[in-house]
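Report on the following structure.
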Amino acid sequence: MRILLIGEFSKLHNSLAEGLKKLGHEVCLVSSGDHFKNFPSDFSTKPSIAELKLVRLFRKTIYKLFYLDIASIEIGIRFYFLLPKLKNYDHVHLINEAPIQTIPFFERILLKKLFQQNHKIHLLCCGLDYNVAKHLFSYTEPYSILTPFQNKPNNHLELRFFKSFLQPNHIKTHQLVYKNIASVTASDLDYVNAIQHEKKYKGLIPNPVVITKYKPLEIRDKIIIFLGINRLNSTAKGIVYFEEALKIIQNKYLDKVEIKTVENLPYHTYITEYLAAHIVLDQVFSYDQGYNALEAMAKGKVVFTGADKPFLAYYNVKEDEVAINALPNVDYLVSKLSWLIENPEKIIEIGTHAQSFIQKEHHYIHVAQKYLNVWQG
């Protein structure tokens, strides 16, 4: 079959494409590369004019005045010129209900054309969309990525971003997409409660991870703790709790640990930087693992991430068996890190279990088959 993947968040579609190709299908991926991460795609809509030094000042000014990023317009224009090449695919998979990532009005024009010239359309609930934002603002979860902003004024920039998905302009995009899709699935447990009411919801399909062989972790000298920060969403991910905990750990275990912190790195640089790490700090305000966490687990690292009760129950694993549940509590994080540092054999044990878990639940070929089963159902 011919399969078209639209959009990219955190390498998910790249890995799915690999799995689908292994199963014998023709796959085309179109994306802007997910900002600075620069993920590859068959056809790129990555903005280049908006990134020019002379344009950046104008771009920042426009954003402050009108809350509009002109880079998104360039992305839409680039996608428009690709449309003649994006025809007659058996299945089109959208990574989000606004997968092109242009301004809402232009997004709908491009999506309508895309829907008209292809066959079955499928949606992934991944990242922020109307249903997710609506669920977040219901405040029914004990904590969420919205938690850090609950006491912020309504004009707070990041809070405005969350609320933009509840505005009429985006709701029109949401309605257009749901009218045309044959199915919608969730990429992880953080999205299930938000969309399980949808009639076209077909369940959760775990993130696909490309599995390669890695040597078991070895601790020869110091225990290396790695924190990779994306400043675009660091507040929503609760990175400040990790940063505060690491200050305490650095003083407490000066001779036993090496702490490595990096910011806003392209994907290929990022994975090189954390290869030597034993412990990876991912995110706090989640109930399941993000993509970076899954890849680190596949390499046998102990990851602090979403691994709360819903995750333990869904996958039938025990607390601290495959990952460490990260909570918005500095003392708790320090306690968990201290336990691992003082019991290094636990790092090897959890890392080994993590590898087995990814192999079982997230293998990219097995996951690709799950997508095919839904699309052909």
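The values are calculated or read from the model by the stated rules, or taken from the named source; none is laboratory data. No experiment lies behind these values; they were computed from the predicted model shown. So basically every Cβ, Gly included, is an ideal-geometry build from the backbone, and we count neighbours across all protein chains shown. Each accessible area value is taken on the protein alone, full model and side chains, heavy atoms only, with ligands, DNA and RNA left out. Shrake-Rupley method; radii C 1.70, N 1.55, O 1.52, S 1.80 Å.
For the stretch 191-272, the set of GluC sites (Glu not before Pro) satisfying both a DSSP loop assignment and a count of at most 10 other C-beta atoms within 10 Å is given as GLU218. Past 18 Å, Cα to Cα, is the threshold; run LYS113/LYS172; LYS11/LYS60; LYS112/LYS179; LYS179/LYS202 against it and keep the listed order. Too far apart for the 18 Å limit: LYS11/LYS60.
Helices from the chain with mean Kyte-Doolittle at least -0.5 and a Cα length along the axis of 15 Å or more, per DSSP H: which?
53-66, 70-82, 104-116, 239-252, 330-342, 364-375
Only Cα pairs within less than 10 Å get springs; with that Gaussian network setup on the chain, which residue of THR147, THR185, THR212 has the largest fluctuation? Highest fluctuation among the options: THR212.
From helices alone, the chain scores -13500 deg cm²/dmol at 222 nm; the rule is -39500 (n - 2.57) for each run of n ≥ 4 DSSP H residues, then divide by the residue total.
Amide H to amide H, with H built 1.01 Å from N, GLU97 comes under 5 Å of CYS126, counting only residues 5 or more places away or on other chains.
Within the listed set ASN193, ASN118, ASN343, the Gaussian network model of the chain (springs between alpha-carbon atoms below 10 Å) gives the highest mean-square fluctuation for ASN343.
Here the label points at THR272 and ILE248, each 7 Å from Cα along the C-beta direction, are separated by 3.5 nm in the simple model. Distance from the Cα centroid of the stretch 180-253 to that of the stretch 1-25 is 20 Å (rounded to whole angstrom). Using the Cβ-Cβ distance between ILE109 and ASN343 with R0 = 51 Å, the FRET efficiency computed as 1/(1 + (r/R0)^6) comes to roughly 0.35. Counting only protein heavy atoms and a 1.4 Å probe, the stretch 239-377 has 42 square angstrom of accessible area per residue. Our summary of shape: the Cα atoms of the stretch 166-298 have principal axis extents of 59, 35, 25 Å, ordered from largest down, in whole angstrom. Carbon-plus-sulfur accessible fraction, the stretch 142-225 (probe radius 1.4 Å, protein heavy atoms only): 50%. Post the alpha-carbon centroid distance, the stretch 96-152 to the stretch 340-376, in whole angstrom. The stretch 96-152 and the stretch 340-376 have Cα centres separated by 27 Å. Running a GNM on the chain with Cα contacts under 10 Å, which residue among LYS21, LYS346, LYS199 ends up with the highest mean-square fluctuation? Highest fluctuation of the listed residues: LYS199. Three semi-axes describe the equivalent ellipsoid of the stretch 1-93; taken as square roots of 5 times the Cα gyration tensor eigenvalues and ordered largest first, they are 30, 14, 10 Å. Computing Rg and the Kirkwood Rh from the Cα coordinates of the stretch 84-200 gives a ratio, Rg/Rh, of 1.00. One compactness figure for the stretch 281-377 is 1.15, namely its Cα radius of gyration divided by 2.2 N^0.38 Å.
Residues of the stretch 259-290 falling in the label zone of ILE219, defined by backbone nitrogen less than 15 Å from a point 7 Å along Cα to beta-carbon, are 259, 277-280. With the largest listed first and rounded to whole Å, the semi-axes of the equivalent ellipsoid of the chain from the Cα gyration tensor are 34, 24, 20.
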